[in-house]
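The values are calculated or read from the model by the stated rules, or taken from the named source; none is laboratory data. What you see is a predicted model; the values in this text were computed from it and never measured. Here the Cβ positions follow ideal geometry from the backbone for every residue, glycine too, while neighbour counts run over all protein chains shown.
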Amino acid sequence: MRGKSLLIAGATGVLSACNRHQSTLAPFGADAADIRHLFIVMLVGAVVIAIGVALLMRHAVRAPEGELTHKGGMRLVLWLGGIIPTVVLLGLLAYSLPFMKPRPTAPADLRIGVEGEQFWWRVIYRPAGAPAVTSANEVRIPVGRTVAFELAAGDVVHSFWIPGLAGKMDMIPGRTNRLVVRADAPGRYRGQCTEFCGLSHALMAFDVVAMPAPAFDAWLARERQPATADADAAGARAFAANGCAACHSVRGAGAASAIGPDLTHFGARRTLAAGILPMTTANVAAFIRHPEATKPGVRMPAFPHISQAEATQIARYLQSLK
Ligand SMILES: [Cu+2]
């Protein structure tokens, strides 16, 4: 029985390490690599101490009674209870302090504002010397460059965590927290809200795309452009007729509200509803009619009176916004 549970514990450890999508053990950024390094050092230290304690226990249980004099006992307490822990903890503190120093930034570094909302992410790229570009539910960063996240919250406290990139940082209404990072490997990863923020807190994730720097620059230039879709399409007309523009923005197509996620380049995202559903026409149409079926407590009203056919037209229109 014990062997079996040990086997299961070992297997889950090994299997979870296989997930390179969202894992502190598979870092793609310099800060997460530091955290993994510290974790391994601490783990080895803890294991050594645990083995030492176990050996001492064994010795204490087996030794004949009265072997330890009163003075010997006091000395043992002084060393094992006072001096050694102080030296070990001070050593670990001195070793780990340099890791806590924030990464230095230069004025030309890219700043990305991310604002937590119930239950999605507002993402604002603020490149030096150019106007800001607003997007949502997906964070793109250039590999090899320093990026400063400016983290805020629009309603309640959220927490921003990209486990493969860096440690987590709270998003607090009324203040801006800075998290400076550098991605080292391109790829598609995942981030997650890690502060309970309401009913759909666990359904508040996002895609992270680390791109080679030139590709990122080209992408940001495209992202800056207004929407290109056909404004006369049936889906575009249904979007306008159903009042979606009261909450959503589609730059260049007359919708300019910032209450819900920006949809200007919605079709270029891989996931729907803050990293929760794959981006398919059927999923988008279903979400439009019954968002609460996917996300309990969602801040978007249901549109049950929109027919399946009309919802599909709107979904096609939104997906054409690349
Ligand atoms: Cu949240």
Checklist outcome for this item: Across (1) in contact (Cβ under 8 Å) with a residue 24 or more places away in the chain; (2) within 16 Å of the ligand (Cβ to nearest atom), ARG269 clears everything bar (2)
Checklist entry - Among (1) in contact (Cβ under 8 Å) with a residue 12 or more places away in the chain; (2) outside any strand (DSSP E or B); (3) under 30 Å from PRO186 (Cβ atoms); (4) of a type outside the set (Val, Ile, Thr), which single condition is PHE206 missing? => result (2)
Item to check | Residues of region 99-114 satisfying the condition of being in contact (Cβ under 8 Å) with a residue 60 or more places away in the chain and farther than 26 Å from ASP207 by Cα | outcome: PHE99
Item to check | Pairs where the first residue, in region 35-58, is within 13 Å of TYR95 (Cα to Cα) and the second is surrounded by 12 or more Cβ atoms within 10 Å (Cβ to Cβ) and small (Gly, Ala, Ser), C-beta under 9 Å, 6+ apart | outcome: ILE35/ALA166; ILE35/GLY167; LEU38/SER96; VAL41/SER96; MET42/SER96
Checklist entry - Is there a residue being surrounded by fewer than 19 Cβ atoms within 10 Å (Cβ to Cβ), farther than 24 Å from CYS247 by Cα and more than 16 Å from the ligand (Cβ to nearest atom) anywhere in region 159-166? => result no
Checklist entry - Of all the residues that make up region 186-203, how many are near the ligand (Cβ under 9 Å from one of its atoms), touching a residue at least 60 places away in the same chain (Cβ under 8 Å) and hydroxyl-bearing (Ser, Thr, Tyr)? => result 1
Checklist entry - Within region 167-184, can you find the residues that are within 16 Å of the ligand (Cβ to nearest atom) and within 27 Å of ALA218 (Cβ to Cβ)? => result LEU179
Checklist entry - So which of GLY72, GLY45 ends up being surrounded by 12 or more Cβ atoms within 10 Å (Cβ to Cβ) and at pLDDT below 95? => result GLY45
Checklist entry - So GLU223 clears everything in (1) farther than 20 Å from GLY116 by Cα; (2) loosely packed, with under 14 Cβ neighbours inside 10 Å except one condition, right? Which one? => result (2)
Checklist entry - Hey, does region 224-243 have a residue that's within 24 Å of the chain's Cα centre (by Cα) and either assigned to a loop (DSSP other than H, G, I, E, B) or away from the ligand (no atom under 16 Å from the Cβ) (or both)? => result yes
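Check ALA282, ALA253 and return the single one that is in contact with a Leu (Cβ under 9 Å, 6 or more places away or on another chain), outside any strand (DSSP E or B) and over 23 Å from GLU115 (Cα atoms).
ALA253
Looking at VAL139, VAL156, can you tell me which residue is surrounded by fewer than 17 Cβ atoms within 10 Å (Cβ to Cβ) and either in contact (Cβ under 8 Å) with a residue 24 or more places away in the chain or within 12 Å of the ligand (Cβ to nearest atom) (or both)? Full working, then the answer.
On the way: VAL139 fails: surrounded by fewer than 17 Cβ atoms within 10 Å (Cβ to Cβ).
Unique residue meeting the criteria: VAL156.
Just to be sure, is GLY187 at positive phi, surrounded by fewer than 19 Cβ atoms within 10 Å (Cβ to Cβ) and touching a strand residue (DSSP E or B) at 6+ places or on another chain (Cβ under 9 Å)? Let's see the steps before the verdict.
Numbers: at positive phi: yes; surrounded by fewer than 19 Cβ atoms within 10 Å (Cβ to Cβ): yes; touching a strand residue (DSSP E or B) at 6+ places or on another chain (Cβ under 9 Å): yes.
So GLY187 fits the description; yes.
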Checklist entry - Would it be correct to say that ALA221 is away from the ligand (no atom under 16 Å from the Cβ) and out of contact with any Asp or Glu (no Cβ under 9 Å at 6 or more places or on another chain)? => result yes
